[in-house]
Each structure stands twice: as structure tokens, then as C-alpha cells.
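Beneath this line is the structure, given in C-alpha cells, with notes to follow.
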Amino acid sequence: MDIFTIFSIRVAKAIEQSFSSETLPKALLDRIVVEPPRDSTHGDLSTNAAMVIAKPLGKNPREIAAKIVEFFEQDEDVKSVEIAGPGFINIRLKSHVWHQVLASILELGSEYGRSDIGKGEKVNIEYVSANPTGPMHVGHTRGAVFGDALASLMQFVNYDVTREYYVNDAGGQVDVLAKSVFLRYKQALGEDIGEIPQGLYPGDYLVPVGQALVSEFGKTLLDMPEKQWLELVKSRVLDAMLNLIKQDLAKLNIKHEVFFSEKTLHGENGEIAKTIAWLEEQDLVYQGKLEPPKGKTPDDWEDREQTLFRASNFGDDTDRALVKSDGSYTYFASDIAYHREKYIRGFNHQIVVLGADHSGYIKRLKAAVKAISDGEADVDVRICQLVRLLRNGQQIKMSKRSGELVTLAEVVDEVGSDAVRFMLLFRRNDVPLDFDFALVKEQTRDNPVFYVQYAHARACSIFRTAKKELPDMDIGEAALKKADLSLASSPEELELISIIAQYPRLIAIAAKAHEPHKIAFYIHEVAKGLHKFWTKGKENPNLRFVNANSLNVTLTRLALVHAVNVVLKSGLAILGVNAPEKLS
RNA sequence: GGCCCCGUAGCUCAGCUGGAUAGAGCAACGGACUUCUAAUCCGUAGGUCGUACGUUCGAAUCGUACCGGGGUCACCA
């Protein structure tokens, strides 16, 4: 348990003993936080407790704070405690507390920072879900990285996470894809196909698929009616595209446990039909007309009766169509069925990662999940904003029509998976992001990827130096655990410990908010702490890590460095970024 | 026109379930290298937190309106 949690409990106890806490609503008590003060000169811990409970108790916050302070004056872990500003209670800890923290990090190793927030509950995180019509482009990359890091983060706090990819293999675009491939098939048989007609997929990546069709079927497809070859070609090209996508994702070390096929939901007795029947039983479906959107009636607006889902009963702006004018299901109809299916599989927590162009879809999706689970399940939709690619300060223009898409594979091949992942996670997901190739490849402080990895490598180099300079000394993990940690007594060392002491708290905050970027920023701060201490050793030889004159202090400092690296490595692992021992 | 996101230092952004004097990096200026990899560190300067009301002991954070930027808007996926 981390110090912030420990002291939250003590604050609660102090309140309970000093005031008649039954008059205080629990929701209010939950607002009490123990956190590091914004300004570190205020102390190690700070709590707003007195201000939160002042009002219901009808007392002055500072008066209440005084009572709580009395309690902490007895605390053997507390060096000093004072009231500040409107009623903050600032606590300064004795150094043995920091040494205990350090000891626990060494003890826990890679387990440090874990918690049981998730209580083993099942969460389904659906991300990427790019249409299987070609290789992934950069537009998909952000959602891929975000979803993957979020999944790791949730696992770290003990959620039972399933990483899922929804394969849109049922819509009209798959027919188009198959027809595009059929053209490539003819081409492979030696036919001159000329320009790829408008509306078909022009990409070269379909060429090998056409060739594969020749080696599997020879010329036989040419003699079949379209109805027949279409199904065959569809199944082959879908397999091929999905493989392409899996290869792209593998470049970023992303692996989904479940690839869920939309197609399997269709059919007479399929899940969509069942779902709609179920919704009808609940009286959530009706025949009716929709109003055209205000201020913007589409040219081809057709005023007609359609099958509608009562989405507006669940917070959506309007009801939503389930059946298209040609009688087939809408995409949304299959999506309701899909989310119902997830719910039936036991996912009461669902997270869906979508691109910026889907923001209008959120309310609809939430309404659907509420309806199909009777309010039992929750869904959080995370929108990833656009990524602008920059080269030499110039934006790289991308166009789908001309086929000039920058692919995921190109970007990863150029700058590496670590850099791509870290840069995309070093920004809140709901804000647009510039990805500058030049910066990402730079090896300076400006480049946060490098800065953080360098800190880890630097720490590792300290161990290499120690081994070289003090070959007889045992600096294995077991030896580090036995180090006399009380020797880490300088303000610089205690400051560094206080930074890594925040890791569990940060993990908890990031996991609850579904915001992996918080980990990226925190890790950056840890790296800074290490670089800072390192430089201190330059100015003051007594603060060097490796010191032949004092083996005890050396061992303690190595233990500290190791603990810092535990945190760096753990945080980077959540982000899916390597922690190199050496930089080339 | 409706809905969603964004507006914080010259630039790029953190901070947003209300809390103290609003933070970091870059750029600018001034320092620290016979190095435990200076591929780093320290310092100075830089702000009407888009605007205006409101709620509150207390607002960058919550509410309303407006301004500016982006996205989206039956039947596509």
C-alpha cells in the first residue's frame, strides 16, 4: 500500500475520532484526498480534509484542521504538520517512511504499483477495428496504441481484460473489395485491365491476392456467375487483408485476443435478428418517420417510414434507423447486436476506442448499451483525435483517393515502434497531435522518448561502472535488498524516493480515468529526477552513485537507482515501450 | 442550425470528479563538462487560463451565454 492510501486511512480515522462522523455523508468523505502538494516546499503530503467537512459541521476549516493536526502530532511517521492557507493540512514525513517505501519497491520489484482496483472484473476493450480493406495507415495507429496501452494499464490494476477487434466484414465495402480483387485476378491471368475504375480499391496490395487466386483456382473463376465467385473471392481477400492488418499491428507489438466477425451476426437466426426481436419485446422498436437534421436537409432526403430504435429514451438526440431502404440491416443494428453479444459474454464494462470522425456515434452507442443491458453494463467511448504528420515542419498531405496514404508500416519502419508508441501516448487522446519525424528521431532532451529511455540506460550504466570499479562487491538484487537504506539521507535522495513513491497513486488515477498518457508524463518526470540526481553527483562527489570509499553508501545508492529503474521499466512496459539497457 | 471536442507563456502542451503564489519542454538570456555516457543539469525572463456573467469560503477546473478553431449530422461503415 502506498503512503497516500495509508495516510488517507489515517485522516479518516482522525476525523472519526475527533468528530461525530455519522453526520457526515459518505459521498462527502470520498472527496477528501491526500496528495503531494503542488508546491513541494509545503511538505510531503497535503490533505483538504478540513475544508471538505467544515461546512456540514458548521465550523471554521482551520478550527477543524487544528483537531486533525493534533492527531498527526502523535504519529510517529510524521516529522511536522501544519495548517496552511484556507485550511490545508501539510504533513512532512520522517525519513524512515521514505526508506520503508524504498524497501517495499525493492521487495515488490515489477509488482510495484499494482493494485486491485479492477477486482478481477471483466473488461472488453475494442480498438483498431479498421475496415479490412487494406493495410493500416497512420490514422489507425493512434487508436491502436492507445487501446493497447489502456488494456495493459487496466490489467495492471487487476481487470480481466479482453482485447478485441471488430471486423467489419459484412458491409457493402467488402463486395467492392472483392470486385477490386477480381480485377487483379484477371490481371494476373494476363488480361490488360487498364486504369482501376472509380469506386474500386486501387491499391497495389491487392495484386498478390489476385495472384493467389490464380494459383488456387486457375481460370475457373472466370466461368462462374458473379454470385458464385463473389463469395469465394470475398472470403479469400478478407483473410488476406486481416493477415495484412495483423502483420502491421505486430510491428507495434499489438495482439488482440478476439477478432469478432460482424458477418457472424447476420443471417435469419443471427444475433441481429434476435436482438431486434428482443428490442421489440421491450417495446423499443417502432415504425416511424425521422425529421431531417435541422438547418441541413440532405439533397436526397427521402421522407419515409422506417424501423426505428428508441435511442432517445436512453439519452440520444434522436431515434435511430435499424433497417436500410433496401431491407438490409444498418450498421448500427449490427452494432447493437454486437454490444449485446459482448454483454452476454459477461462484459459489464466495455471500452470502445474510436477515431475522431466517430464522435457523433458516442451517444448512440451508449444508448444501445444501456438498452440491451437494462442499465447493467457501462461503456466508455474514447475518441482519438487526428495525427498530423510533419516532415521538416511541413505537413504531409494524405489523400485516400490518390492512394497516397502513409501507412503504419512505413512510419514504424522509419522511426521504430518505441518512438511511435511513446509519442502517440505523450498527449491526451482527445486532442490533435503533431508527429514530427525529425523530432522523433532526434537524440536530445527535446525528444521525450529518448529522454526517458536514456534515463533507464544511464541507470543501467551505473551498474556496469560499479561492476567494473568494484568487482568484488555483490550488487545483485538480493544484496540490494539488504542495503542499509537509512544511508539515503540527503535531500536529493529523499526527493528522488518521493517521486517514485507516487507511482501506485498515478497508476490508480490513470486507470480510473482511462488515461494512459498520465503514465507517460509521470515516467518523464521520473526520468528527470534521475538525470537531476546524476548531475548532482558531478557537482558534489559525495553524491555520486559509485563511491569506492564507502561501499555501504554505494550499495544504498545502487538500491535507489534500481528502484528508479523498476518504476521506469514498469511504466514503459504499460506503454508498450522498451527499456533499453544501453543506447547505441 | 443541432450535437461532440478543443481554446492555458512567443511555440508545443500538462494541470480540469473546485483548493494554496497556474506548471513542464522548446525557443531567448546567463551558468555548470580533466563525465559514475554533458545524449545531461541549474538559473533568469515570460500569463487578462478565449470573453462575460453566475454558483462557491475558494473557479483554469462546475453552470449559462457568446467568440474563435476542428469534427460530425436519416439510409454508408
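The values are calculated or read from the model by the stated rules, or taken from the named source; none is laboratory data. As the structure is a computational prediction, the values presented were derived from the model and not from experiment. Backbone-built Cβ (ideal geometry, glycine too); neighbour counts: all protein chains shown. When the accessible area is computed, the model is the full protein with side chains, heavy atoms only, and any ligands, DNA or RNA have been set aside. Shrake-Rupley method; radii C 1.70, N 1.55, O 1.52, S 1.80 Å.
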*Among (1) over 27 Å from residue A:582 (Cβ atoms); (2) of a type in the set (Asp, Glu); (3) in the same structural domain as residue A:544 (by TED's automatic domain parsing) - the single one residue A:430 does not satisfy*: (3)
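Restricting to region A:293-332, what's the tally of residues that are open to solvent by 40 Å² or more (accessible area, probe 1.4 Å) and farther than 27 Å from residue A:174 by Cβ? Step through it out loud before you land on a result.
Going residue by residue through region A:293-332, those that are open to solvent by 40 Å² or more (accessible area, probe 1.4 Å) are A:293-305, A:310, A:312-315, A:317-318, A:320, A:324-329, A:331.
Retained after the next criterion (residues that are farther than 27 Å from residue A:174 by Cβ): A:293-297, A:299, A:301, A:303, A:305, A:310, A:312-315, A:317-318.
The number of residues fulfilling the criteria is 16.
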*Which strands (runs of 3 or more DSSP E) sit wholly inside region A:43-105 and have at least 1 residues that are free of Cβ contacts under 8 Å to residues at least 40 places away in the same chain?*
A:78-84
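When you scan region A:169-193, how many residues do you find that are within 16 Å of RNA strand B (Cβ to nearest atom) and either aliphatic (A, V, I, L, M) or part of a helix (DSSP H, G or I) (or both)? Reasoning before the result, please.
The first filter runs over region A:169-193 and keeps only residues within 16 Å of RNA strand B (Cβ to nearest atom), leaving A:169-180.
Next, only the ones that are either aliphatic (A, V, I, L, M) or part of a helix (DSSP H, G or I) (or both) stay: A:170, A:172-180.
The qualifying residues number 10.
Restricting attention to region A:241-297, report how many residues are in a helix (DSSP H, G or I), more than 30 Å from residue A:572 (Cβ to Cβ) and among the small types (Gly, Ala, Ser). So that I can check it myself, show each step before the final result.
Filtering region A:241-297 down to residues in a helix (DSSP H, G or I) leaves A:241-251, A:262-265, A:271-281.
Going one step further and asking which of them are more than 30 Å from residue A:572 (Cβ to Cβ), we end up with A:241, A:262-265, A:271-281.
Now restrict to residues that are among the small types (Gly, Ala, Ser): A:273, A:277.
Selection size over region A:241-297: 2.
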*Among the residues of region A:148-168, count how many are in a loop (DSSP other than H, G, I, E, B) and out of contact with any His (no Cβ under 8 Å at 6 or more places or on another chain).*
3
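What number of residues within region A:215-231 satisfy the criterion of being open to solvent by 40 Å² or more (accessible area, probe 1.4 Å), over 16 Å from residue A:132 (Cα atoms) and part of a helix (DSSP H, G or I)?
Residues that pass the stated criteria total 8.
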*Among the numbered conditions (1) within 30 Å of residue A:124 (Cβ to Cβ); (2) free of Cβ contacts under 8 Å to residues at least 24 places away in the same chain, tell me where residue A:248 comes up short.*
(2)
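Yes/no matrix, rows are residues, columns are (1) modelled with pLDDT under 90; (2) near RNA strand B (Cβ under 9 Å from one of its atoms); (3) touching a Ser or Thr at 6+ places or on another chain (Cβ under 9 Å):
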residue	(1), (2), (3)
A:270	no, no, yes
A:286	no, no, yes
A:293	yes, yes, yes
A:331	no, yes, no
A:348	no, no, yes
A:355	no, yes, no
A:367	no, no, yes
A:371	no, no, no
*Within region A:414-463, restricting attention to residues that are among the hydrophobic types (A, V, I, L, M, F, W, C) and either near RNA strand B (Cβ under 6 Å from one of its atoms) or in a strand (DSSP E or B) (or both), which residue is nearest to residue A:359 (Cα to Cα)?*
A:431
